[in-house]
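Notes follow the structure.
The values are calculated or read from the model by the stated rules, or taken from the named source; none is laboratory data. None of these values were measured; they are calculated from a predicted model. Heads up, the Cβs are rebuilt from the backbone with ideal geometry, glycines too, and the neighbour counts pull from every protein chain shown.
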C-alpha cells in the first residue's frame, strides 16, 4: 500500500506542476491585452475633453497594469503565480473588479455540486444497470442499443435547447434560464427551494439523459466481453448458476466504468460549460466562459486550477479505491 501510494503521489504532483504551468501560460498566449478592455469600459463612461480623456486613460492603464502585475517580466509573474497558489490567493478578477477570484469560484461551486453530482451519479447507476440488463436480453438489446447510441451522440447543449423549447416555450411549465428567479434571494425557505428545483430540472435532464446512453453502452459491451471470457465458461462448466456468473461479470465490468466516473466527478468544479451557457446557470462553467470572453487572466487561471485539482483528487481517490475493489492491483504491488 505504501509503495503504491508513494508512486501515485509522485505522479500526481508532477501532473499538477505541468497542468498548473499550462494554466498560467495559456491565458497569456491569448491575443490582446485584458487591461485595455477594462480601460475602454471606463473611457466610454467618462466625460470631458479628448486630452483629459487620453490622460485619464493612460493613468488608468498604468494603474491596472501594476495592480494585476502585468508590467513585470514573465518569469516574475510565473514565480508570483506559484507563490499565490500556496498562499491561497487566486488574485482579483479583472472582469468583476475588485471581487477576489476565490470568492467568485466559491459562490459558484455549490450550484455545480447540486446540479452535476446528482446527474452524474444517477446516470452512472441507472445506465450501468440498464446496460447490464440489455447485455443479457437479446430482445431488449435490439431495442435499447440504437436508443443508447442516439442518446450518447446528442450534444448536451442541443438537448438543452430542445428541452427549453418544449417545456419552456411550448408547454410553459418550467423556467428556461438561471438557477432561481431574479425576484428571489437565496435562502433555506420552502419558496426558494421549490423555485430552485424548478430551474434545476431542465439542466439536470439534459446531462442525465445524454450521460445515461454512454454508461449503458460501456456496461453492455463489457458484460458481453466478460460473459464470453474463459473464467465465465469455466464457472459454467463447474455448474455455477447464471446468477453467480453474472455477479462476477458485473464486478469485473464495473472497473473501467469506475475510472470514467472518476473523470466525470473531477470535472464537477468545471460544470458542463455548454449546458450552463444554454441555461445561464451560474456555475463555474458559465463563469469560465465569461472570463474567457473578457480575457480575465486571474479568473481563467482560478477556474482551471479548480478543474485541475478536482480531476486529480477524484482520480487519486479512485486509485485508492482500486486497491480494495480490484485484487489484481494489490497482488501486483505485493509481489513487486
Inset, instruction - Give the residue that is surrounded by the fewest Cβ atoms within 10 Å (Cβ to Cβ), with candidates limited to residues of the range 172-192 that are within 24 Å of the chain's Cα centre (by Cα) and under 19 Å from residue 113 (Cβ atoms). - result: 186
Legend entry - Qualifying residues in the range 254-281 (those that are surrounded by 21 or more Cβ atoms within 10 Å (Cβ to Cβ) and in a loop (DSSP other than H, G, I, E, B)) - the one modelled with the highest pLDDT: 281
Legend entry - Given (1) modelled with pLDDT of 75 or more; (2) in a helix (DSSP H, G or I); (3) buried (at least 16 other Cβ atoms within 10 Å of the Cβ), index of the condition residue 295 fails: (2)
Inset, instruction - State yes or no: is residue 94 touching a helix residue (DSSP H, G or I) at 6+ places or on another chain (Cβ under 7 Å) and modelled with pLDDT of 75 or more? - result: yes
Inset, instruction - Six or more apart or on different chains, Cβ under 7 Å: which pairs go from a residue in the range 212-240 that's without any contact (Cβ under 8 Å) to a residue 12 or more places away in the chain to one that's surrounded by 14 or more Cβ atoms within 10 Å (Cβ to Cβ) and assigned to a helix (DSSP H, G or I)? Could you list them? - result: 236/245
